[in-house]
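Report on one structure; see the data block that follows.
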Amino acid sequence: MKIIIINGPNLNLLGKREPEIYGSTSFEEFFETLKTKFSEIDLSYYQSNIEGEIIDKIHEVGFSFDAILLNAGGYTHTSVAISDAIAGVKTPVLEVHISNIYKREEFRHKSIITKECVGMISGLGLKGYELAIRYFLKN
């Protein structure tokens, strides 16, 4: 099984940015834990702060991978183009958010991409990525 995690803008700052919301672990550290825990799958990671690069990556893997875990960051609430990219590929996408977007600012309550995803995990911290992987392993 091939699964890729795609993280959007500012998620490269995990471990440094707002630790009261996002924790003190960098994503790179957490990703190493995931690779150890799920050694039986081909697990990849990609992060970009640039909308077009995220779209290009979805296009690149969207016909050859078994699953995409997408944390689009702030683009979750603004990017029709990322939503269209998800709709245009065959690989299922599960939306993941570290924080509970519904306990944050009002503008974060609306996700443009959710309707194209198989589901959403929000507010469970980094554990949400692990749960998303487990979902795809069982389905």
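Just so you know, all these numbers are worked out from the coordinates, no wet-lab data involved. Note that the structure is predicted; figures quoted are calculated from it, not measured. Cβ: placed from backbone, ideal geometry, glycine included. Neighbour counts: every protein chain shown.
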When (1) touching a helix residue (DSSP H, G or I) at 6+ places or on another chain (Cβ under 7 Å); (2) farther than 22 Å from residue 99 by Cα are applied to residue 42, the one that fails is (1)
Go through 39, 64, 48, 79 for me and flag whichever is more than 17 Å from residue 125 (Cα to Cα) and under 14 Å from the mean Cα position of the chain (by Cα). 48
In segment 10-22, anything over 13 Å from the mean Cα position of the chain (by Cα) and either of a type in the set (A, V, I, L, M, F, W, C) or buried (at least 17 other Cβ atoms within 10 Å of the Cβ) (or both) is listed as 13, 14, 21, 22
Restricting attention to segment 27-43, does a residue exist that is small (Gly, Ala, Ser) and either buried (at least 16 other Cβ atoms within 10 Å of the Cβ) or touching a residue at least 40 places away in the same chain (Cβ under 8 Å) (or both)? no
What number goes with the only condition from (1) surrounded by 15 or more Cβ atoms within 10 Å (Cβ to Cβ); (2) out of contact with any helix residue (DSSP H, G or I) (no Cβ under 9 Å at 6 or more places or on another chain); (3) within 28 Å of residue 103 (Cβ to Cβ); (4) hydrophobic (A, V, I, L, M, F, W, C) that residue 61 does not pass? (3)
Only one of 64, 83 is part of a helix (DSSP H, G or I) and touching a Lys or Arg at 6+ places or on another chain (Cβ under 8 Å); which? 83
